[in-house]
Amino acid sequence: VKRILTDKGFLNRERYGELQQLAQKLIGKAKLIIMGSDIELSGEDAQTKIVRGFHELIQRTYPNLRMLRGINYSENDIQRCLRQSEDSLFGNDTTVMSESEQEMLAFILGNNRSGVRTTLKSLVEKFERKPYGWYFAAILCTLAKLCARGKIEVRSDSNPLEDADLERALRNTHGHGNVILEPQIDFTASQVRQLKEFFEDFFDTPPTSNEAKALGKETAQKLLDLLHTLTPLVAQKAQYPFLTVLDEPIKTVQEITGKPYTYYLTEFSRQADSFLDLKEKTLDPVRRFMSGPQKGLYDEAKAFIQAQEPNFPYVEGDEAAQIQSILEDPGCYKNNRMQQAKSLVDSLKARIDAQLDSEKNIALHSITTLRERLAAMPEFSSLKAEQQGQLTLPLDRFLQGLARQTIIAVIRDTRRRCEEDEYQRILGQLNSLSQQDSPADGVLPQADNNQPVLPNQWLNTLPAAQFRFRSKKPGWPMRPMSIVISLRFVKQCSILSVTGKGF
């Protein structure tokens, strides 16, 4: 029984192989019919014939599948497709759009003309079915290319989606029903050309995009950058009052920033000329002033006015008033106003320096004369070196201060105080020191006739001097007396006249 079963199993395996060979042979000779027509395929290999038959079936069933050109897409390619137009030289040119992009754009445009709202979900369903048969990643990448070219606007809850938000919306399959696809507004060539010409004239650089949407967005970004450039300048108007002229331009720019890109292509052309005038008359001159050497001239003139204002009354001429007028002029940033201010500053500075030198020389000569007169006094010579230094120290300090002084009024006041106050104080101090050093302790000597006798060295002092002494003459009150001695002398004799209280 076992052998019989074994032999039958062996025969069955042989029959199975023969059946496989017969089936392959019959399939190889069989005719393939697709969509009611015979398909002629060469060769008798069954597996190859079946595979080629199904390929032909797919091509017949999904004729638009070839629009993908055999490119294999994945969801990771969405970000690359969104940026493809930025990397391509002809990224925004409709003539280089692939057949798949044109087919998808035509579908969206057709729905828009028919008043049908196109969602991302309906778009995927459309191109997954016959006659397209596109797979999910291919549909999303093709749509991403259209968005990058600015042919399609994508909105979610009425909010436009751009860049990272758009990528997230394409990947999120749960929200495809809320993502609305709308064709880009068709702008005329004239509108695009006008905006492009304005861009070149106003920003002094050509735009990087030629497509309407990208050009409008680039214009909006440039205006925002301009606003960010002007705002820090206006913040300096406390130091540069003329910058108040930027208040109105900033307000004007703020009114048109944040607008949708369509505004710059359709409505902005009516304001383009006024913006160009604003740039020529205000923005460019101010920016050149603040970034060029004229700003340094302004700072130099302003610092000069602030530092030398106390000296202006002592110098003839109206240069100071002219400089101040230029600095306060709201249009001082125009033309050659700063060159005029520099010339006036140089002229006035030279005159002030000359006047300062003159005043310093006068004060120096006056104080030096007082010092020499002090040093020539006999009482001064009789003092110790330390005492002499103590007396001359204030005069030396006045001389040192004159070298550093830049204010004419202060120089004159210093000379006056030295002559009228300080020198008299020094003389009083000298008198006190000389009396302390005299042998009679400041008491006037007396002759045989009981008349006060003045030392000979007193006759060589100033024409008028004051002395304090205690009288020892019999009958005179024993109290301090103030007397004024008028000296009239010659070398051979002395004529003395004494007047004073108590005599």
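The values are calculated or read from the model by the stated rules, or taken from the named source; none is laboratory data. Quantities reported herein were computed from a predicted structural model and do not represent experimental measurements. Virtual Cβ from ideal backbone geometry, glycine too; neighbours counted across all protein chains shown. Protein only, heavy atoms only, side chains kept; ligands, DNA and RNA dropped before computing areas. Shrake-Rupley method; radii C 1.70, N 1.55, O 1.52, S 1.80 Å.
Details
- Within the range 385-425, being exposed (fewer than 13 other Cβ atoms within 10 Å of the Cβ), more than 28 Å from residue 353 (Cβ to Cβ) and not charged (D, E, K, R) holds for 385, 389, 393, 424.
- Residue count for the range 314-323, restricted to those that are assigned to a helix (DSSP H, G or I) and in contact with a helix residue (DSSP H, G or I) (Cβ under 6 Å, 6 or more places away or on another chain): 5.
- Residues of the range 289-324 satisfying the condition of being charged (D, E, K, R), surrounded by 13 or more Cβ atoms within 10 Å (Cβ to Cβ) and within 27 Å of the chain's Cα centre (by Cα): 295, 300, 302
- Filter result (open to solvent by 20 Å² or more (accessible area, probe 1.4 Å), at pLDDT 90 or above and in contact with a Lys or Arg (Cβ under 7 Å, 6 or more places away or on another chain)) within the range 92-110: 105, 107
- Counting only residues that are under 27 Å from residue 104 (Cα atoms), surrounded by 13 or more Cβ atoms within 10 Å (Cβ to Cβ) and of a type outside the set (Lys, Arg), the range 186-220 holds 11 of them.
- Exclusive hit being part of a helix (DSSP H, G or I) and either closer than 26 Å to residue 128 by Cβ or at pLDDT below 90 (or both), set 72, 12, 64: 64
- Residues of the range 328-341 satisfying the condition of being open to solvent by less than 10 Å² (accessible area, probe 1.4 Å) and outside any loop (DSSP other than H, G, I, E, B): 338, 341
- Within the range 249-267, residues that are touching a residue at least 40 places away in the same chain (Cβ under 8 Å) have Cβ atoms under 7 Å from residues that are open to solvent by 40 Å² or more (accessible area, probe 1.4 Å) and part of a helix (DSSP H, G or I) in these pairs: 261/217; 265/191; 266/191, counting only partners at least 6 apart in sequence or on another chain.
- Selection count where residues are free of Cβ contacts under 8 Å to residues at least 60 places away in the same chain, in a loop (DSSP other than H, G, I, E, B) and not polar (S, T, N, Q), scope the range 124-171: 5
- Among the residues of the range 261-277, those that are open to solvent by 40 Å² or more (accessible area, probe 1.4 Å) and either assigned to a helix (DSSP H, G or I) or in contact with a Gly (Cβ under 8 Å, 6 or more places away or on another chain) (or both) comprise 266, 269, 270, 273, 274, 276, 277.
- The range 106-119 residues that are of a type in the set (Lys, Arg), paired with ones that are open to solvent by less than 80 Å² (accessible area, probe 1.4 Å) (beta carbon under 8 Å, 6 or more apart): 117/111; 117/180
- Meets criteria (closer than 30 Å to residue 138 by Cα, modelled with pLDDT under 85 and over 60 Å from the mean Cα position of the chain (by Cα)) for residue 53: yes
- Residues that are charged (D, E, K, R) and surrounded by fewer than 13 Cβ atoms within 10 Å (Cβ to Cβ) within the range 55-71 comprise 66, 69, listed in sequence order.
- Number of the condition not met by residue 343 [criteria: (1) within 17 Å of residue 285 (Cα to Cα); (2) modelled with pLDDT of 90 or more]: (1)
- The range 26-54, residues that are open to solvent by less than 80 Å² (accessible area, probe 1.4 Å) and assigned to a loop (DSSP other than H, G, I, E, B): 30, 36, 41, 43
- Look at the range 172-192: where a residue is within 30 Å of residue 76 (Cβ to Cβ) and a partner is open to solvent by 70 Å² or more (accessible area, probe 1.4 Å) and part of a helix (DSSP H, G or I), sitting 6+ places away or on another chain with Cβ atoms under 7 Å, you get 176/121; 177/121; 182/112; 183/112.
- The residues in the range 230-260 that are in a helix (DSSP H, G or I), over 21 Å from the mean Cα position of the chain (by Cα) and surrounded by 15 or more Cβ atoms within 10 Å (Cβ to Cβ) can be counted, and the count is 1.
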